[in-house]
1. How far, in degrees from 0 to 90, does helix 436-453 lean away from the longest principal axis of the Cα atoms of the chain, to the nearest 10?
2. For K39, go through the aspartates and glutamates and keep the ones whose alpha-carbon is under 17 Å away, minus same-chain ones fewer than eight residues off.
3. Over the chain, what is the relative contact order in percent, taking alpha-carbon pairs closer than 8 angstrom and at least six residues apart?
4. Please report the antiparallel percentage of DSSP beta bridges with both residues in the chain, rounded to the nearest 5.
5. So, in Å, what gap is there between the alpha-carbon centers of region 145-172 and region 65-85?
6. With each run of n ≥ 4 DSSP H residues scored as -39500 (n - 2.57), what mean residue ellipticity at 222 nm is computed for the chain after dividing by its residue count and rounding to the nearest 500 deg cm²/dmol?
7. Where the centre of each part is set by its Cα atoms, how far does region 36-61 sit from region 186-204, in angstrom?
8. Hey, what's the Cα Rg ratio for region 1-124 versus the globular rule of thumb, 2.2 N^0.38 Å?
Amino acid sequence: MVRTETYETDVLVLGGGLAALRAAWEAARLGARVTVCVKRKLGRCGSSAITSGGYAVAHPAITPQDSWQRHYADTLVGGALINDRRLARVLCQEAGERVEDLLQLGVPFARHNGAYRLSPSGDHSSPRVLVPVHMRGTDLTLPLREAVLASGVQPLEETRALALLVDDGRVAGAVGLNADRGTLVVVRAGATVMGTGGAGRLFTVTSNPVDVTGDGYALAARAGVPLRDMEMVQFYPWRAIRPFKGSRVPIQPSTFAVGARLYNRRGERFMARYDPERLESTTRDIAARGIFDQIRLGEDVEGGVILDLSGVSDEDFVATNLKVVERLQPRGLSFREVRFIIAPEAHFIMGGMVIDEVGRTPLGGLYACGEAAGGIHGANRLNSNAIPDTQVFGARAGRAAAEAARTERPGRVDDGVLRAWARRVEGLGSGPGPQQGTLAALRQELQQVVSLALGIVRTAAGLEAGLTALDRLRARLAATPVTTAGEFEEVVELECMADAAELMMHAALHRTESRGAHFREDCPEQDDAGWLRTVVVTRERDGACRVATRPIDRDGDETVLGGATPGQVRRIEGEFVE
């Protein structure tokens, strides 16, 4: 018999990064009993722990020359105008309050001469990005972790969510697996918050750690939750592949606002062809496509393009590229002494679960926040808008979930669902198992399929081929025998990865234009007349994906944007504000 652990709580939070931590903390502060289920370690997993931690904010005391309205306008223009206006407005209005919360927790944002150091960025019309002193996500996650634990939240670490439990059309919690103990974990909850992050590990080259595999998207879709904008995958343009081999070292966006340039093999400053106004200080979608074009046209140098730092001062580079400096110091090297080659990497999913202003999904009892949710960033996320997103909507989702749990008691758990999962894990042994090599090969093949179909440049033929390849891969995965808990975990994760990839491919195939991070080589033009809409994907009960479009509510655009169009470029005054 499979051992089962059962818990009952008011609010269940799935995930362990910044969005999940913030949701758990907020719910606990309202007096709710909170349980957090995370497949690795709370506050030390996912993209949150390894991010550089930039926080974009317009705050009267920090950026007196700025306003939330300007931040909001930048967010809409950067998102190619398919952002959910309500969500984007909330993000920019409340980012200031939430950064105050982080400061009270002791998060150490960098200062210079008594003022906060603000990094400029080509996609913000004013310098408004705070960075933590060590430029590490743990500067933020660990203080939040301590606050969460101090508030009495119960952590269930090393516990992977397997499925949402749905009772009479409402989420009643989740069933998970703790492979170390070989136990099924059942958590009954009045409300559930998905803070499960993105899906960057679907790609062969990515900034995301190994545990960011689209689990939340897959679990939500299986339960009938609609997802939006899943075709919008941001590729971070500026990963230094030389002199760093095999490890992720990013060049920060502010580097280009203070003078860095890019050149191809022929010594051409090629970004002039893609954004003649902003050049290298453009948005991430345009920069990634420009660099990728040089690579596929054979104008690359060692698989990337040359980064020229001759126009950047030592002070500016060191202040915003601490990771680079730290990697070079053990070799006794200065950044002036090495040759930098950079190339794009998969980074962030703009899409996710459909939510309202408090993170509520269309499925009763379920909330979402952070990268698990869609609509805030439109077709392209601005630099450092991700961290305020986790804090603003993590807080809102946690608060709404706690309030809902006061009146909604944990629902009934379907014994049939539990028996089905118990059958899958019954008799599994410990250790890696004999099929690990086969499963690793399937993972690598899946990543290659996704990278080809959903890369920086897409076509209908490539997406259709990707969907066919996914079907074949799923059949082979289902036929692979599983004998250990480790193998079972790998299979479950691969199933989630395949499901998330399928949702993304259907959305990308449906949008027959190019917009933001979604570039269709067979439909290269942006079609504002026909495609100022969001693509919504829903998984039906029979497993099929249904794709539809919904109009964007553009009320008030003219007032905020002053007639700006998605293709409009803006000159950014790129200086550090001291």
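1. 50
2. Partners found: E5, E157, E158, D180, D211, D215, E371, E487, E489, E490, E493, E495.
3. 23
4. Percentage antiparallel, nearest 5: 65.
5. Taking the Cα centre of each part, region 145-172 and region 65-85 sit 33 Å apart.
6. Counting only the DSSP helices, I get -11000 deg cm²/dmol.
7. Measuring centre to centre over Cα atoms gives 15 Å.
8. Values: Rg = 18.1 Å, N = 124, 2.2 N^0.38 = 13.7 Å.
Compactness ratio reported: 1.32.
The values are calculated or read from the model by the stated rules, or taken from the named source; none is laboratory data. Please read all numbers here as calculations on a predicted model, not as lab measurements. A quick note on method: Cβ atoms are made from the backbone with ideal geometry, for glycine too, and the neighbour counts reach across all protein chains shown. Side chains included, ligands, DNA and RNA excluded: accessible areas come from the protein's heavy atoms. Shrake-Rupley method; radii C 1.70, N 1.55, O 1.52, S 1.80 Å.
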